[in-house]
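**Student:** Sharing a structure below in structure tokens format, with a few things to ask.
Bear in mind that the values in this text are calculations on the coordinates, not laboratory data. This one's a predicted model, so the numbers in the text were calculated from it and none came from an experiment.
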Amino acid sequence: MKTKESEGRPYLPYVIWAAAGLILCVSVAWAGGAFSSDDPVELFRHLSDAFFIPGALFVALGLLSRIGHTGMFDILSYGFRVIFSHFTLKKRPASFYDFKQEKQEKRGERWNKPALIVGLILFSISLVFLILYYTGGNPA
């Protein structure tokens, strides 16, 4: 079964997430003063921070997406629906099993893998700049 991602341009979500990550990197570097730094070691520190922040954010989004895709948050959703059904006129879900089966049918097969992959790449680049910062610009 072909998914929408596998048809046409499967790399497009990765390009979009990478562009968003680079925009965030430039924004964080600019806010941290990386472009006004004369010392290369300080530039490595700013670049490490600039790549770490979007990397950690994207990894967290990707992992939350994966966890949500597996159905780990279904019990919380069911609990809130049962609680709020007492205060509203909406009907109460019959049982957790029925609720979980309904959610599984709606869930589909996709989760946000590009965010996780791009986040791991940005995080890795951050580690490279961190190593360069602590070695004073000499990685050997």
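**Student:** With the convex hull built on the Cα atoms of segment 54-97, state its orientation-averaged projected area in nm². Please list the in-between numbers first.
**Tutor:** Working: hull surface 16.3 nm².
The number I arrive at for segment 54-97 is 4.1 nm².
**Student:** Step by step: find N for segment 61-140, compute 2.2 N^0.38 Å, then divide the Cα radius of gyration by it. What's the final number? Before the final figure, lay out the partial values.
**Tutor:** Numbers: Rg = 21.2 Å, N = 80, 2.2 N^0.38 = 11.6 Å.
Taking the Cα Rg and dividing by 2.2 N^0.38 Å, one obtains 1.82.
**Student:** Next question. Using the Karplus curve 6.51 cos²θ - 1.76 cosθ + 1.60 with θ = phi - 60°, work out ³J(HN,Hα) for each residue of segment 14-23 in order, rounded to whole Hz, and write x for Gly and Pro.
**Tutor:** The phi angles translate into 5, 5, 5, 5, 5, 5, 5, x, 5, 5 Hz.
**Student:** Assuming 0.36 nm per residue, please report the length gained on full extension of the stretch Gln104 to Tyr134 beyond their Cα-Cα distance. Don't skip to the answer; put the middle values down first.
**Tutor:** Numbers: separation 30, 0.36 × 30 = 10.80 nm, distance 4.77 nm.
Extra length from Gln104 to Tyr134 when fully extended: 6.0 nm.
**Student:** Return the whole-Å distance between the Cα centroid of segment 1-70 and the Cα centroid of segment 81-115.
**Tutor:** Using only Cα atoms, the two centres lie 31 Å from each other.
**Student:** Then there's this: Considering the chain as a Gaussian network with a 10 Å cut-off on Cα pairs, which listed residue, Phe44, Phe35, Phe80, attains the greatest mean-square fluctuation?
**Tutor:** Comparing Phe44, Phe35, Phe80 in the GNM, the peak value goes to Phe80.
**Student:** Tell me the Kirkwood hydrodynamic radius of the chain in angstroms, computed as one over the mean inverse distance between distinct C-alpha pairs.
**Tutor:** Numbers: mean 1/r = 0.0552 Å⁻¹.
Taking every pair of different Cα atoms in the chain, averaging 1/r and inverting gives 18.1 Å.
**Student:** So what's the back-of-envelope 222 nm ellipticity for the chain, counting only DSSP H runs of four-plus at -39500 (n - 2.57) apiece and dividing by all residues, rounded to 500? Intermediate values should be presented prior to the final figure.
**Tutor:** Working: 5 runs with 98 residues, N = 140.
The helix contribution divided over the chain gives -24000 deg cm²/dmol.
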